[in-house]
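First up is the structure itself, then whatever we jot down about it.
Computed from the coordinates by the stated procedures, all read-outs in this text should not be read as laboratory data. As the structure is a prediction and not an experimental result, all values here were calculated from the model. Using ideal geometry, Cβ is built from the backbone for each residue, glycine included, and neighbour counts are taken over all protein chains shown.
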Amino acid sequence: MNQYYYADESGNSVGPVSSDELMRLHKDGVIRSTTLITEANQETWIPLYKFGFTSGPSADTSALKECPLCGESIGSGIFGSNSLISPSVAALIKEYCPEQSVRRCEKCASGILGNAKERFTAERNGLVRVIQTELQAIPILSLQAPLHWDYRVCGLVTGQSVIGTGPLSEFSSAITDLFGSQSNAYRRKIKEGENHCSTMLRNEAFEIGGNAVLAADVDYAELGGAKGMLMVCMTGTAVLLGNAEILGENTVQSLTRLGECKARLDYISSLVVES
């Protein structure tokens, strides 16, 4: 027998319930013909009546005619339409403005929704900044199998960087070559490319569930007819280290914060911010 979930007045998902239970809930007035329903293992939410379990909303005596909070009319008219907020909007308001009622219409929710979006954006940006900082804790090693490491392979990660050396670097390089010394201008450009590639490797490793990169390899090349572009390429194998304590307490703490921030970011990103 198919199982279903329905959205309650707070925007929460309730279930699973059978079709018979849905009809009983509708008969008892717990849910309406316009209540959003989804089938188990599905992502699409549609009104109950479209499943064929009940008549359309015009025949639903329990359908609201006005907003329970502000009293504005619910429905469509010559001068526009108004309806109760969707479950996704209700979930966003509940998360960031828990003191506010989510049983409200679109008109009286506009100000609260704007506030919730601002808080959502501020938290998301803060989490991204923390993740970018803590990503530096992910080690990148050229070794293929470090001693005492207990890990599983996550996959290949790569990073590429193309940087223009510019006429100043070319001139500086020519002068230093003339006197047999090293070119600091080129060294800085190469270091920039290496740092960029390392960041890309850490990002990719983190995205596929890794907390370290092994067997790292880096290559360099000059591009263009006048060789005014410098390319740095880096590859490695992302792994998930089971005994992360081998990296030291500070690294473990950073990796823990990284995981917590990623989990929170994934959760709040699942809250649909409607325009």
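What percent do you get for the relative contact order of region 187-263 when only Cα pairs under 8 Å and 6+ apart count? Numbers along the way, then the final one.
Numbers: 78 pairs, mean separation 22.1, N = 77.
About 29 percent, as a whole number.
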Practice task
Run the quick spin-label model on Met231 and Ser18: label points 7 Å from Cα toward the beta carbon, then report their separation in nm to one decimal.
Solution key: 6.4 nm
Completion exercise
Cα-Cα longer than 21 Å, checked against Lys94/Lys117; Lys65/Lys117; Lys117/Lys262; Lys65/Lys107, kept in input order, equals Lys65/Lys117
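Order 141-150, 206-215, 15-24 from most to least packed using the mean count of other Cβ atoms within 10 Å. Before the final figure, lay out each step's value.
Values: 141-150: 11.0, 206-215: 19.9, 15-24: 15.1.
Put in order of decreasing packing, that is 206-215, 15-24, 141-150.
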